Amino acid sequence: MAEIIDGKKISNQIQDEILLEVSDIKKNGGKIPHLAAILVGNDGASETYVAAKVKACEKIGFNSSLIRLPENTSEQELLNKVNELNNDKDVDGYIVQLPLPKNINEQNIIEAIAPEKDVDGFHPQNVGRMALNLPTYIPATPFGIIQLLERYNIETSGKHCVVVGRSNIVGSPMSILMARNSKIGNCTVTLTHSKTPNLKEHTLKADILIVALGKPEFVTADMVKNGVVVIDVGITRVKSEQTKSGFKLLGDVKYDEVFAKASFITPVPGGVGPMTIASLLINTLKASKKEVYK
Ligand code: GUN
């Protein structure tokens with residue numbers, strides 16, 4: 001039976017800690033951290049995520065700006081807005097919510113963001129700094145996972161970590177972070193993906209299993225060993241007759257059966273998800289204090 005890793009609780013703890021620090025900054029007449037977000041178009045999920053980020057800023061006393069642009073915004077118009085934020089002295093950090101409409105090249109936009117304001121940690125310069133173990137902004141989901149492992153005192157050094165999924169946002173950075181010579185790190189890492197044959201052979205060897213695939217209930221009990229630490233990044237909305245809304249959220253792990261074999265497990269919802277907001281707030285505070293780029 002597993003201990004449940006309570007991401008909601010840890011995220012709230014972190015937000016309380018930041019709130020105290022912001023109160024001190026305000027008392028001492030310092031600069032109030034300011035996060036901006038650009039949202040292009042009307043993607044439902046993106047609207048929800050950005051609204052949650054703005055709300056969290058308000059709760060802890062940050063300033064926040066939401067810049068909404070229409071679905072038919074051109075790449076040049078978005079680049080102009082990015083440039084404006086790069087030069088806005090009051091904005092410490094900002095994000096461009098992804099995905100962007102198809103006519104806009106995401107990589108062109110990410111590379112136009114000033115690295116010192118890139119609190120998502122998506123700019124190639126910040127990804128490179130992460131790989132080299134230099135001060136940087138670590139992307140929100142991987143950073144959230146690192147903090148969960150740290151706050152639950154989970155030993156990672158010398159362990160075998162298997163990552164399932166190689167996205168730029170989660171799997172790839174996670175594999176880099178878990179191998180780094182760092183307090184949370186020092187793992188032997190296997191990064192698996194859609195072209196990996198015999199995936200189960202790998203997952204069965206995991207001491208720490210991080211699944212970021214986007215396939216609901218993909219990992220079953222026969223794929224893990226006893227005592228495994230399971231981090232489930234998946235969150236898929238599926239139809240359900242058991243809930244009032246007619247929907248429920250499922251992770252990438254078949255929770256009940258894997259729970260019985262694991263030593264620690266993140267639930268969905270309430271595991272990794274809430275940590276992404278806490279990570280973004282930490283990165284914004286770092287940007288405001290110029291901790292990464294002096
Ligand atoms: N879309 C899904 N996750 C993220 C994220 O962490 N940052 C941004 N900018 N867009 C996202």
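Measure nothing fancy, just the Cα-based angle from helix 273-288's long axis to the longest principal axis of the chain, in degrees from 0 to 90, nearest 10.
Roughly 40 degrees between the two axes.
Normalising by the residue count of the stretch 86-144, find the relative contact order in percent from Cα pairs under 8 Å and 6+ residues apart.
Contact order relative to length: 28 percent.
Go through the stretch 115-221 and name the GluC sites (Glu not before Pro) that are in a DSSP coil and have 13 or fewer other Cβ atoms within 10 Å of their Cβ.
GLU155
Figure the gain on full extension for ALA221 and SER263 (residue separation times 0.36 nm, minus the Cα-Cα span) and round it to one decimal in nm.
So the chain would gain 13.8 nm between ALA221 and SER263.
If you take every DSSP beta bridge fully contained in the chain, what fraction is antiparallel? Give it as a percent rounded to 5.
Restricted to the chain, the bridges split so that about 10 percent are antiparallel.
Over the residues of the stretch 45-147, compute the C-alpha Rg and express it relative to 2.2 N^0.38 Å.
Working: Rg = 14.0 Å, N = 103, 2.2 N^0.38 = 12.8 Å.
Dividing the Cα Rg of the stretch 45-147 by 2.2 N^0.38 Å gives 1.10.
On a C-alpha basis, how far is the centre of the stretch 253-294 from the centre of the stretch 1-34 in Å? Whole number, if you could?
Result: 13 Å between the Cα centres.
Any idea what the dipole of the chain comes to, in debye rounded to 20, about its Cα centre with Lys/Arg Cβ at +1 and Asp/Glu Cβ at -1?
Around 320 debye, computed over the chain.
At a 4.7 angstrom Cβ threshold, list every cysteine in the chain that has nobody to pair with, or say none.
CYS57
Using label points projected 7 Å from each Cα along Cα→Cβ, tell me how many nm separate SER157 and THR196, to one decimal.
Distance between the two pseudo-spin positions: 2.6 nm.
Local charge sum around PRO124 (other residues, Cβ-Cβ under 13 Å, Lys/Arg +1, Asp/Glu -1)?
Its environment carries a net charge of -3.
Too long at a 31 Å Cα-Cα cut-off: which of LYS59/LYS81; LYS27/LYS81; LYS9/LYS215; LYS53/LYS159; LYS89/LYS215; LYS183/LYS261?
Among LYS59/LYS81; LYS27/LYS81; LYS9/LYS215; LYS53/LYS159; LYS89/LYS215; LYS183/LYS261, the Cα-Cα distance tops 31 Å for LYS27/LYS81; LYS53/LYS159; LYS89/LYS215.
In nm, to one decimal, how far is the modelled label at GLN107 from the one at ASN80, with both set 7 Å along Cα→Cβ?
2.6 nm
Taking just the alpha-carbon atoms of the chain, what radius of gyration and Dmax come out, in angstrom?
Looking at the chain, its Cα Rg and Dmax stand at 19.3, 58 Å.
Starting from the 7 Å offset along Cα-to-Cβ, what nm value, one decimal, do you get for the label separation of SER240 and LYS27?
4.3 nm
With unit charges on the beta carbon (Lys/Arg positive, Asp/Glu negative), name the residue among TYR49, GLN97, ASN86 whose Cα is farthest towards the positive pole of the charge dipole of the stretch 4-141.
TYR49
Using the alpha-carbon atoms, what tilt in degrees (0 to 90, nearest 10) does helix 75-87 show relative to the longest principal axis of the chain?
Orientation of helix 75-87: about 70 degrees from the principal axis.
Taking the Cα centre of each part, how many Å lie between the stretch 57-118 and the stretch 211-234?
About 34 Å separates the Cα centre of the stretch 57-118 from the one of the stretch 211-234.
We did not get these values from a lab; they are worked out from the coordinates using the rules stated. Every value quoted in this text rests on a predicted model; they were computed, and no experiment measured them. Using ideal geometry, Cβ is built from the backbone for each residue, glycine included, and neighbour counts are taken over all protein chains shown.
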